[in-house]
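Enquirer: Got a structure for you, written out below as structure tokens; questions coming shortly.
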Amino acid sequence: MEKLPIAVQVYSVREEAAADFDSTMRALAEMGYDGVELAGLYGKSPQEIRHSLDKWGLQAVSAHVPYEEFVKDLEGTVETYRAIGCPFIAVPYLGGERWYGGSKYQETLSYLAVIAEKCKEAGMQLLYHNHDFEFSKTQDGAYQLDAFYAASETAGLATELDLCWVKVGGADPVEYLGKYSGRCPVVHVKDFIREDGVVLVALGDGELGVSDVVAQAVKSGTQYLVVEQDDHKHGTPMENMKKSIECLKGLS
């Protein structure tokens, strides 16, 4: 199987990064990660972030940036992540009035096109990261996420499929990756078990089916795999990041 570059969503190790960003980046690099996806700057300047990543040989693959930050300062926000060197930038969430059926949904779709164009001008591509609620159905019986992507395709918005939430939402992650072939440059690989609800675990310890989804990601043109584990009921953040990359590196 072709080996894709592997990054960490820094939110997975947010307490460690907040306490000592540089040492955390070093530890991730030593585990074998190729890059990171940012979720905030931990009080550092874009130049400081880039210096730390460059020092440890890590690529700034992407960044999760709330929609509201673009609304507040579009040019400044895009410039921040251009300066860090991110080829991708992702809106991590849209909810309430801004999501499908909400009072500001059409307004949000229109402004996402503006954000996407500004990102393109800066040499980046805009993505959207899903959870499971987007798999509610439209009146036509389609997934709301599909309706959203259909409406935003001409705006240049690509996917950042979170495969855990795809499966929890009721879809098949392998089929869904195939459906968005050519439009899923960054993919979140996140494993889970059902233990009084959804509990996130290190890759290989749950029901995602890591080998199958990675094989399909390769076929679908994915450029980067991002390991994300929002919380750590079983194991510590750094232990789970090490276990997850060992799982991915061990795939044949």
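The values are calculated or read from the model by the stated rules, or taken from the named source; none is laboratory data. Please read these numbers as outputs of a predicted model, since none were measured by experiment. Note that each Cβ is placed from the backbone with ideal geometry, even for glycine, and that neighbours are counted across all protein chains shown. What goes into the accessible areas is simple: the full protein's heavy atoms, side chains included, and nothing from ligands, DNA or RNA. Shrake-Rupley method; radii C 1.70, N 1.55, O 1.52, S 1.80 Å.
Enquirer: Can you list residues from other chains, or at least 5 along the same chain, whose modelled amide H is less than 5 Å from the amide H of GLN223?
Expert: VAL186
Enquirer: Just for the Cα atoms in segment 31-183, what are the lengths along the principal axes, largest first, rounded to whole Å?
Expert: That works out to 50, 35, 26 Å along the principal axes.
Enquirer: Output wanted: per-residue J couplings in Hz (rounded whole) for segment 60-72, from phi through Karplus 6.51 cos²θ - 1.76 cosθ + 1.60, θ = phi - 60°, x for Gly and Pro.
Expert: Per-residue couplings from phi come out as 7, 5, 7, 8, 8, 10, x, 3, 5, 5, 5, 4, 5 Hz.
Enquirer: Moving to a separate point now. Counting only heavy atoms of protein chains, what accessible area per residue, in Å², does the chain have with a probe of 1.4 Å?
Expert: Spelled out: the 1.4 Å probe surface of the chain, per residue, equals 43 Å².
Enquirer: If you don't mind, another one. Which of the lysines could a cross-linker bridge to LYS249, judged by Cα under 30 Å and excluding same-chain residues fewer than eight apart?
Expert: Reachable lysines: LYS3, LYS55, LYS167, LYS179, LYS190, LYS219, LYS233.
Enquirer: Also, I was wondering about something else. Taking a point 7 angstrom from the Cα of GLU195 along the C-beta vector, which residues in segment 216-252 have backbone N less than 16 Å away?
Expert: 229-241, 243-244
Enquirer: Beta carbons within 10 angstrom, averaged per residue: use that to sort the peptides 14-20, 194-200, highest first.
Expert: Values: 14-20: 14.9, 194-200: 11.9.
Going from most to least packed, we get 14-20, 194-200.
Enquirer: Follow-up. Once ligands and nucleic acids are excluded and a 1.4 Å probe is used, how much of THR159 is accessible, expressed in Å² to the nearest 10?
Expert: Taking all protein chains as shown, THR159 has close to 0 Å².
Enquirer: Ordered by residue, what ³J(HN,Hα) values in Hz, to whole numbers, does segment 195-200 give under the Karplus form 6.51 cos²θ - 1.76 cosθ + 1.60, where θ = phi - 60° and Gly and Pro are x?
Expert: 9, 6, x, 8, 10, 7
Enquirer: A further question on this structure: Suppose we keep just the DSSP beta bridges with both residues in the chain; what percent of those would be antiparallel, to 5?
Expert: Of all bridge pairs located within the chain, approximately 15 percent are antiparallel.
Enquirer: Between segment 1-49 and segment 176-252, how many Å separate their Cα centres?
Expert: After rounding, the separation between the Cα centres reads 17 Å.
Enquirer: Ok, one more. So which aspartates and glutamates pass the test for LYS120, namely a Cα distance under 15 Å, with those fewer than 8 places away in the same chain ruled out?
Expert: Cross-link targets: GLU75, GLU79, GLU153.
Enquirer: Taking θ = phi - 60°, what integer Hz values does the Karplus form 6.51 cos²θ - 1.76 cosθ + 1.60 yield along segment 159-166, in sequence order, with x for Gly and Pro?
Expert: Result, ordered by residue: 9, 10, 6, 9, 6, 4, 6, 4 Hz.
Enquirer: Could you tell me what percent of the accessible area of segment 146-204 is made up of carbon and sulfur, with a 1.4 Å probe and every protein chain present?
Expert: Percent of accessible area from carbon and sulfur atoms in segment 146-204: 48.
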